[in-house]
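Here, each number is a calculation from the coordinates, and none is a lab measurement. Quantities reported herein were computed from a predicted structural model and do not represent experimental measurements. Counting neighbours? That spans all protein chains shown, and the Cβs are built from the backbone with ideal geometry, glycine included.
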Amino acid sequence: MNMKKLLPVVFFIVLAIIALAIKRCNNNSGLVTSSPSRTENTTGKAGSGNTGKIKFDRNPAKFYFTKHARCRMKCRQITQKEVKDILANGTINYNKSDLNDLQGPTYAVEGVTKDRQHVRIIFAPKQQHMSVVTVIDLEVEHQCDC
């Protein structure tokens, strides 16, 4: 084969290898990772460890409730105290969580409220607070304008 025809093929192969290496490095060096160093036992209680620079704190000092979460809580008659209780005592559903979200990980925590509602609450830990993204009743479909 002619060297002039072979050179572009080799060039593109080298570029593809470099692109894959860069992509792999970017996936492994994000600000927040989902490393397995933080453990959950079978009851869903937090273990020791850290998931990166922002850890999933089951007892944060500050909460931020999004407008959407507040609307959903009002429709479902769920209080802030119940949300905090689910965070402290609920079970993380990793199938519904997104630990690799570009805006930071989100955790789907499930539990039962004081008035027996089976709920899933989406939490997004931030540097200064815990954001409550939404509240879902897993058994009853509520009519909301959220």
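Of the trypsin sites (Lys or Arg not before Pro) found in segment 80-146, the ones in coil according to DSSP and having at most 12 other Cβ atoms within 10 Å of their Cβ are LYS114, ARG116. Considering only Cα-Cα distances, which of the following residue pairs are longer than 19 Å: LYS55/LYS114; LYS62/LYS84; LYS62/LYS96; LYS55/LYS126? Among LYS55/LYS114; LYS62/LYS84; LYS62/LYS96; LYS55/LYS126, the Cα-Cα distance tops 19 Å for LYS55/LYS114; LYS62/LYS96.
In straight Cα distance, which lysines are under 23 Å from LYS23, not counting same-chain residues fewer than 8 positions off? Correct list for LYS23: LYS53. In this simple spin-label model, placing a label point 7 Å from the Cα along the Cα-to-Cβ direction at both LYS114 and ALA21 gives a separation of 5.9 nm.
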